[in-house]
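What follows is calculated from the coordinates using simple rules that are stated; it is not laboratory data. Predicted model, so just to flag it, every value in this text is computed and none were measured. All Cβ positions, even for glycine, are placed from backbone atoms using ideal geometry, and neighbour counts span all protein chains on display.
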Amino acid sequence: MKRLFCATLDANKAQSVEVESTFVRALPNFSIVGLANQSIQESKERIKAALSSIEFKFPAQKITINLSPSDLKKEGSHFDLPIAILIALQKEQVGFEDFYCFGELGLDGSIKGTTSIFPIVLSLASYCKNLKVLIPFEMSELISSIPNIEVYGVNTLFEATTFFTDVENRDKKRAINTHQIFKNSIKIKNEEYIPNMDFTLDFADVKGQSVAKEAMMISAAGMHNILLEGSPGCGKSMSIKRLRYILPPLSTEEILQNAANIFISGENANLTPLRPFRSPHHTSSRPSIFGGGSNSGKIGEVGLAHHGILFFDEFPHFSKQVLESLREPLEDNQVLISRVNSKVCYKTEFLFAAAQNPCPCGNLFNNTKTCKCSELEIARYKARISAPVLDRIDIYVQMDESGSNDKSDINSSYMYEKVLNAFKKQKLRGQKSLNGKMSDSEVKEFCVLEKEAKELLKNAITRFGLSHRGVGKVLRVARSVADLQNLDTIDKASVVKALSFRQR
């Protein structure tokens, strides 16, 4: 009996699988056991064709492949490669040295990548020491960017079998790569972060709206949730789409995790220092936004927005069920999907951004057009978003009406520099989370108010009827305002600014 390792995704975590093979004297047969799904059972035909490309002749024996543990469901065509290697080298005296092998076989013996390989290897790397993987060469550049693992890439099944028989030339297949984006990293308290130098969408394109731009900068500095309200065409969506480019830098681990989430969703991903930006349409279903499925908890838009932005345009037009379901991921920074067969938890630490019109027709704030909505229609429109949901919004901005004399007074490069300095200040203080995502204990530790600021906040609580959550939001926003001003403590002006952005 010979043995290699592979792995399968169990919800969003990789589970190690031992691939065992044996040849016994019996009627010729080829079987795979161990709770393998249809994609693995179909691999028998691909493996037979691929083995014939290296002139391997099946013996007149019974071939049994066992995937252990047998009570774990396995799926994915990446099991093709370890199974084929074990069959091809069954009679050879070779050592497999606990290698993990992944790859789908073509009928001509070529080895192809699949969308599940990257998240599997990334998950394995989080708990397996001295991880060694053999993968398709086309994925070696991406996967070799994962730290502390040995990555070897092969193009064909012949190269894969030679890899184990010709040990002396094995290092020639080693993929040692530093991805281009990691070459410009900055170090803060022994942690590396990758700054974004791409300003494809620039705030210089947004004319006027100085208050909204300041709010955007504060929102970015602390990853604060933000709601923009204004007439159609005033620049709400335009501004939020540019917010992504001035967000704080990601760590290496966060970049890899974002790519893994995209692969888990079935999409192809590239490593990028840009934070994710997800903008589902208002007709999207609840499972597509929060995740779900009949048998397993698939990742949804809130999970894919982790470390980035979740943008709801036309905010009141989303279904009531979707809007109310936002409460948990916004408050707990995670979403738990429970099914009979599985329970999956996805992290949802994102910046929630929303845009809405002031009334159904959109002309309530317009100086040139007349609003035709009745007070009842406006009240119903506003009531679509409940008070508990609005209470979770840190910053509310009423957009100005755009005019012909508006000029561009600030660009994304300048805003990003300010945000980056505020980010460094937060990390040097020892914060685990950015200001907008701080826990209550971190708020007490890091949101230190000056005497005048304390008095002002005390009066504001009484005057505006701020809830306990609302007070926490004001403190967090004030902390970001102070960080942008390079202040160690929160002064009165920072609290005033935070209160001015609070919806009442």
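Qualifying GluC sites (Glu not before Pro) in segment 70-147, where qualification requires a DSSP coil assignment and no more than 14 other C-beta atoms within 10 Å, comprise GLU92, GLU97.
Across segment 437-497, C-alpha contacts under 8 Å between residues 6 or more apart give a mean separation that, scaled by the residue count, equals a relative contact order of 46 percent.
Quick check on the exposure proxy: order TYR414, TYR100 from fewest to most C-beta atoms within 10 angstrom.
In increasing order of surrounding Cβ atoms, one gets TYR414, TYR100.
For ILE218, ILE393, ILE54, the sequence from fewest to most other C-beta atoms within 10 Å is ILE54, ILE393, ILE218.
Working note: Cα gyration tensor of segment 62-197, eigenvalues times five, square-rooted, sorted largest first, giving semi-axes of 30, 17, 14 Å. DSSP assigns beta bridges within segment 295-359; of those with both partners inside it, close to 55 percent run antiparallel. Using the Cβ-Cβ distance between ASN190 and LYS62 with R0 set to 56 Å, the FRET efficiency works out to roughly 0.50. Within a straight-line Cα-Cα reach of under 13 Å, LYS2 can be paired with the following aspartates and glutamates, leaving aside sequence neighbours fewer than 8 residues apart in one chain: GLU18, GLU20, GLU92, GLU97, ASP98. Longer than 32 Å from Cα to Cα, which of LYS44/LYS132; LYS207/LYS369; LYS74/LYS427; LYS372/LYS492; LYS74/LYS132; LYS189/LYS298 are they? Say none if no pair is. Where the Cα-Cα span goes over 32 Å, the pairs concerned are LYS74/LYS427; LYS372/LYS492; LYS189/LYS298.
Run the helix sum for the chain: -39,500 (n - 2.57) per DSSP H stretch of 4+ residues, divided by residue count, reported at 222 nm to the nearest 500 deg cm²/dmol. Spell out each step's value before the answer.
Values: 20 runs with 178 residues, N = 504.
About -10000 deg cm²/dmol.
On the basis of the beta-carbon distance and an R0 of 25 Å, SER338 and GLN503 show a calculated FRET efficiency of 0.15. By how many degrees, between 0 and 90 and to the nearest 10, does the Cα long axis of helix 210-222 differ from the longest principal axis of the chain? So the helix axis and the longest Cα principal axis differ by about 40 degrees. Straight-line reach from LYS129: taking Cα to Cα under 20 Å and skipping same-chain neighbours fewer than 8 places apart, the lysines in range are LYS13. Across segment 354-504, the relative contact order, built from alpha-carbon pairs under 8 Å that are at least six residues apart, equals 25 percent.
Where does segment 190-408 land on Rg/Rh, using Cα atoms and the Kirkwood Rh?
0.99
Sorting ASP10, ASP108 from the fewest to the most surrounding beta carbons within 10 angstrom yields ASP108, ASP10.
Rounded to the nearest whole angstrom, the semi-axes of the ellipsoid equivalent to the chain, taken from the Cα gyration tensor as √(5λ), stand at 53, 24, 20, largest first. Computed extension length for ASP409-ALA383: 5.8 nm, one decimal, from 0.36 nm per residue of separation with the Cα-Cα distance subtracted. Look at where the Cα atoms of segment 78-109 and of segment 162-177 average out, and the two centres are 15 Å apart. Annotation: the antiparallel percentage among DSSP beta bridges lying fully within the chain is about 50.
Helix 468-484 and the longest principal axis of the C-alpha atoms of the chain enclose an angle of approximately 90°.
Please identify every one of the chymotrypsin sites (Phe, Trp or Tyr not before Pro) in segment 416-482 that sits in a loop by DSSP and has no more than 16 other beta carbons within 10 Å of its own beta carbon. If you can, show how the numbers build up before the last one.
Working: sites: TYR416, PHE423, PHE446, PHE464; in loops: none.
Loop-located and lightly packed - none at all.
Between ILE54 and GLU138, the simple spin-label model (points 7 angstrom out along Cα→Cβ) gives 1.9 nm.
Only loop residues by DSSP count here, and only those with at most 15 other Cβ atoms within 10 Å; note down the trypsin sites (Lys or Arg not before Pro) in segment 98-204 that meet that.
Of the trypsin sites (Lys or Arg not before Pro), the ones in loops of segment 98-204 whose Cβ has at most 15 other Cβ atoms within 10 Å are LYS129, LYS189.
Pairs of Cα atoms nearer than 8 Å and 6+ residues apart set the relative contact order; for the chain it is 13 percent.
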